[in-house]
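Beneath this line is the structure, given in structure tokens, with notes to follow.
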Amino acid sequence: MKKIKLLDAILLFVSLGLLAMFVDQILYLGNPFADSYFFLMFGLAGLLVYLYRRGNRILKDKEGKK
């Protein structure tokens, strides 16, 4: 099992935290969607960047083994 890099771990958990804040704002605090939209967008953007970096790392590992 490979270790996750520090930057990737921070990116993943910050993204998940922003998504949790979005859900909290919408469901529990009752804020309008427009006021917490940036939590959703930054959370999704961070998650997609994490998945992109992870995919590139996996491809590099497979090319290195050949």
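The values are calculated or read from the model by the stated rules, or taken from the named source; none is laboratory data. Values in this document were obtained by computation on a predicted structure and should not be read as measured data. Ideal geometry is used to build each Cβ from the backbone, glycine not excepted, and the neighbour counts take in all protein chains shown.
Things worth noting here:
- Close pairs (8 angstrom Cβ cut-off, 6 or more residues apart or separate chains): modelled with pLDDT of 95 or more in region 13-24, exposed (fewer than 15 other Cβ atoms within 10 Å of the Cβ) and not β-branched (V, I, T) anywhere: S15/L44; S15/A45; L19/L44
- Residue list for region 36-58, filter: in contact with a Phe, Trp or Tyr (Cβ under 6 Å, 6 or more places away or on another chain) and among the aliphatic types (A, V, I, L, M): L40
- Taken over region 14-36, the residue count meeting the criterion of being over 19 Å from L51 (Cβ atoms), touching a helix residue (DSSP H, G or I) at 6+ places or on another chain (Cβ under 8 Å) and surrounded by 13 or more Cβ atoms within 10 Å (Cβ to Cβ) is 5.
- Pairs are defined by a Cβ separation below 8 Å, a sequence spacing of at least 6 or placement on different chains, a first member in region 41-66 that is free of Cβ contacts under 8 Å to residues at least 60 places away in the same chain and part of a helix (DSSP H, G or I), and a second member that is of a type outside the set (F, W, Y) and loosely packed, with under 10 Cβ neighbours inside 10 Å; the pairs so defined are D61/K2.
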